[in-house]
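The structure under discussion appears below in the form of structure tokens.
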Amino acid sequence: MPNIDPVTFGRYLLDAKLATGGMGEIFLARMKGPAGFEKKVVIKRILPQLAQSDEFVERFKDEGRLVVQLNHSNIVQIFEMGEERGQYYLAMEYVDGVDLRTVLHQLKRMGQNVVPLEIVIHILVEVAKGLAHAHSRTNDKNEKLGIIHRDVSPSNVMISREGEVKLLDFGIAKAEGQMVNSISGSLHGKFLYMSPEQAGGKSLDNRSDLFSLGSCAYEMLSGQRPFVGNNEIETLELIRNVECQPLGTLCPDLPTEVVDIIERCMAQNSTARYNSADELQRALVNYLMESRQIVTNSDVAGFIQPHVGTGAMAQPKSIDEALNMQIDALIGQPDSLEQGTQLAGESLAFGDTSSAIQITSDTSTTGRRTVPVSESDLPKASRNRILLASLILVVGILVTLNLVTLGELHKRNDIRPVAEQIQPTATETEAQKVTQAGPKQAAKPQAAKPQTSQDSIAVAKPSPPAAMKLRIRDLPADARIQIDGQSTIADKDGNYFVPSGTGDIKLLINAPGRKIVERSVKRAAGVLVEITAQLELLMKTVLIKTQAGATILVNGKMVGSGTYRAKVQPDKEVSGKIMLAGYQTRSFTATYDSGPSIHIKLKKRSTGTLEIRVLPANAEIRIDGKIVKKSSQQVNRLKISVAPGEHRLIANAPNSSQTVSRRFTIKSGQTKRLSQINLVD
């Protein structure tokens, strides 16, 4: 991140350059106002050479006029679009957060390839809210503006420190997309999440964004992108044909309802997708409600916490960038240590613009850092940095070894009381003293010596108390834990670290299909407390799916057509029948041990053939109340397929006063001939 002295740009002060590339330059800036008013914003400034293209400028302004009207909590707001000294720019909301692409990259580095299901659903719901807002915008005549994002991808999904989800760069993709032929590499990163119609260069509507969002969900849940070819052309072909490994195959443990939602988003034909982002949002929320899962922004904030710093959001940096920042802070040249933690690196604090910009980490024309190969090539300041860096490294190693040693000593002296006895008893405390003192000292207790000033110098300061830890037994794998209102995950030993604080610990255990457990636990530093989860099972929903139009009966009553969500209690079962004309009736039973869904395919019944001759030719014939020959059909002889069993035939004619009724029984594969029916008066 090249640092600059604050530069006035219209009513903004540009404090630091975040990135530069083929489309423009990105700056962190301040918007100043009267009475000391300041607001941190991001300025996206279009490069001068692009401003010379009248076609590009017009498209850029047209899109800017639309998206500047978007004002929604799930969209990074564009405050204004303007021109300053011949340079066009956008002033955007600054988000103290990390983009989803960075989170996914860091998860892979940590060996965690997928995002927890409930977090994924929450992110999808929030993005769908933003899309629904934009897709539904109208003008003064109540005509839809037709705003489409065109680049819904992980790099354009921001997650703030508070767990807010925001969609970035809304609508600007259209103007950028027109410059593909003139900007080398600008397609890279954009096409991976395109819809089939977008990859084919066809016209788009709001459902294109839903496909892209489905591709993002696919990656979050499976840990891999759905469409990856050997080159861009091959990848585009995979997208056009929607050739990817089925999500249900990659993730067999995913609930069927979730797989169905994602697969519907990623349907090749846009008409098979959800009609709107609002409809998608309803499907996602409905799943959360039926699975009895509660997800809030604080849960998302807790999830991304390992990927952010304690100040501004930490971003990936090269080793030399990170080291230089630390050295600058030490030698009194603050290379914006505070800003650097949120601005440097390939992922920006307000969102990754790599979809349209090749980001560089300095202002050189090549965009690469040149590393000197010999000490003589280094300036004096750089040699001083290296010496100081070496000193810092040695000190860091010594501190690390000391901490490891203290940690091992602490493990040996850990107290492990039962769940209800969190504070060590007096007997336990004395026993600890005996163990720590050793057998000889314990046998001969000595009176305490008065402490002298020399003694105080020789005695090291006591180390801070070790953190308290919780171990929760009988915990389902999909359970979520909150400690003092913050979501947390277990360490490699299965323990949950308790943050420092006062008063009792507020523990919340939430697992799908089970009652939420809230408990108060006494706080005690350096203690490992074991607790039994004791989660009670809730009523479970099992989806019964069969052919469309089939009647589903439970206890003799119709409960659904084609689908039915059975509510099953832990110690009971739900049984019923499925009926459809021309098909064999089937029974089903759903128990608490059943999977999330039961698919029942009905088999067609083998039929018999009924042959009849009727006069006049315009007679109407019904079998079991269903018309099998209309009066408009001028025929005398009929062959009708009939299901096995007993049936009733009724015949009448328009100009006849007679009505004929006959009962007959037919078997599977049988051909039955009825005597002639004569309705002529």
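The values are calculated or read from the model by the stated rules, or taken from the named source; none is laboratory data. Just so we're clear, the structure is a prediction, and the values are computed from it rather than from any experiment. Glycine gets a Cβ as well: all are built from the backbone with ideal geometry, and neighbour counts include every protein chain shown.
Residue under question is Ala29, and the condition is that it be modelled with pLDDT of 85 or more, surrounded by 13 or more Cβ atoms within 10 Å (Cβ to Cβ) and under 35 Å from the mean Cα position of the chain (by Cα); does it hold? Judged against the criteria, Ala29 is a match.
For the stretch 509-562, residues that are assigned to a loop (DSSP other than H, G, I, E, B), of a type in the set (A, V, I, L, M, F, W, C) and over 30 Å from Leu580 (Cβ atoms) total 7.
Here is a list: Ala550, Ala533, Ala524, Ala511. Which entry is touching a Phe, Trp or Tyr at 6+ places or on another chain (Cβ under 9 Å) and either among the polar types (S, T, N, Q) or surrounded by 14 or more Cβ atoms within 10 Å (Cβ to Cβ) (or both)?
Ala550
Out of Leu204, Leu236, report the one residue that is assigned by TED's automatic domain parsing to the domain that holds Lys129, surrounded by fewer than 22 Cβ atoms within 10 Å (Cβ to Cβ) and in a helix (DSSP H, G or I). Before you say what the answer is, go through the steps one by one.
Numbers: Leu204 fails: in a helix (DSSP H, G or I).
Every option except Leu236 fails the conditions.
Of all the residues in the stretch 239-278, those that are in contact with a Gly (Cβ under 6 Å, 6 or more places away or on another chain), touching a residue at least 40 places away in the same chain (Cβ under 8 Å) and not in a loop (DSSP other than H, G, I, E, B) number 3. Confirm whether Glu162 is among the acidic types (Asp, Glu), more than 20 Å from Lys44 (Cα to Cα), surrounded by fewer than 23 Cβ atoms within 10 Å (Cβ to Cβ) and at pLDDT 90 or above. It is true that Glu162 is among the acidic types (Asp, Glu), more than 20 Å from Lys44 (Cα to Cα), surrounded by fewer than 23 Cβ atoms within 10 Å (Cβ to Cβ) and at pLDDT 90 or above.
Looking at the stretch 563-608, which of its residues are of a type in the set (Phe, Trp, Tyr) and either touching a Pro at 6+ places or on another chain (Cβ under 8 Å) or part of a loop (DSSP other than H, G, I, E, B) (or both)? Result: Tyr592, single match. For Ala643, the test of being in contact (Cβ under 8 Å) with a residue 40 or more places away in the chain and in contact with a Gly (Cβ under 7 Å, 6 or more places away or on another chain) is passed. Somewhere in the stretch 188-206, is a residue farther than 25 Å from Leu50 by Cα, modelled with pLDDT under 90 and out of contact with any helix residue (DSSP H, G or I) (no Cβ under 8 Å at 6 or more places or on another chain)? Checking the stretch 188-206: at least one residue is farther than 25 Å from Leu50 by Cα, modelled with pLDDT under 90 and out of contact with any helix residue (DSSP H, G or I) (no Cβ under 8 Å at 6 or more places or on another chain). Here Val568 fulfils each of the conditions (1) touching a residue at least 60 places away in the same chain (Cβ under 8 Å); (2) buried (at least 17 other Cβ atoms within 10 Å of the Cβ) apart from (1). When Leu124, Leu117, Leu145 are checked against the criterion of being outside the structural domain of Ala479 (by TED's automatic domain parsing) and touching a strand residue (DSSP E or B) at 6+ places or on another chain (Cβ under 8 Å), Leu145 stands alone in meeting it. Contact annotation: residue pairs with Cβ atoms under 9 Å, 6 or more positions apart or on different chains, pairing a residue in the stretch 484-510 that is under 18 Å from Leu535 (Cα atoms) with a partner that is in a strand (DSSP E or B) and among the acidic types (Asp, Glu), are Lys506/Glu518; Leu507/Glu518; Leu508/Glu518; Ile509/Glu518. If the condition is being surrounded by fewer than 16 Cβ atoms within 10 Å (Cβ to Cβ) and out of contact with any Lys or Arg (no Cβ under 8 Å at 6 or more places or on another chain), then the stretch 144-154 contributes only Gly146. Exactly one residue out of Gly86, Gly64, Gly82, Gly36 is over 30 Å from the mean Cα position of the chain (by Cα) and in contact (Cβ under 8 Å) with a residue 60 or more places away in the chain: that is Gly82.
For residues in the stretch 64-105 being part of a helix (DSSP H, G or I) and not basic (Lys, Arg), which is nearest to Leu131 (Cα to Cα)?
Let us first name the residues in the stretch 64-105 that are part of a helix (DSSP H, G or I), namely 64-67, 100-105.
Then keep just the ones that are not basic (Lys, Arg); that gives 64, 66-67, 100, 102-105.
Numbers: Gly64: 17, Leu66: 14, Val67: 12, Leu100: 17, Thr102: 22, Val103: 22, Leu104: 22, His105: 25 Å.
For the stretch 64-105, the residue satisfying everything is Val67.
For the stretch 654-681, filtering for residues that are free of Cβ contacts under 8 Å to residues at least 60 places away in the same chain, more than 27 Å from Ala581 (Cβ to Cβ) and in contact with a Leu (Cβ under 6 Å, 6 or more places away or on another chain) leaves 2. Quick one: in the stretch 657-681, of everything that is assigned to a strand (DSSP E or B) and under 60 Å from the mean Cα position of the chain (by Cα), which residue is nearest to Arg613 (Cα to Cα)? Ranking the qualifying residues of the stretch 657-681, first place goes to Thr671. Residues that are part of a strand (DSSP E or B), touching a helix residue (DSSP H, G or I) at 6+ places or on another chain (Cβ under 6 Å) and modelled with pLDDT under 90: does the stretch 638-656 have at least one? Scanning the stretch 638-656, I find no residue that is part of a strand (DSSP E or B), touching a helix residue (DSSP H, G or I) at 6+ places or on another chain (Cβ under 6 Å) and modelled with pLDDT under 90, so the answer is no.
Would you mind stating whether Ala134 is crowded, with 21+ Cβ neighbours inside 10 Å, touching a residue at least 12 places away in the same chain (Cβ under 8 Å) and of a type in the set (Gly, Ala, Ser)? It is true that Ala134 is crowded, with 21+ Cβ neighbours inside 10 Å, touching a residue at least 12 places away in the same chain (Cβ under 8 Å) and of a type in the set (Gly, Ala, Ser). Just one of the listed residues (Lys141, Lys129, Lys61) is surrounded by fewer than 16 Cβ atoms within 10 Å (Cβ to Cβ) and in a helix (DSSP H, G or I), and it is Lys61.
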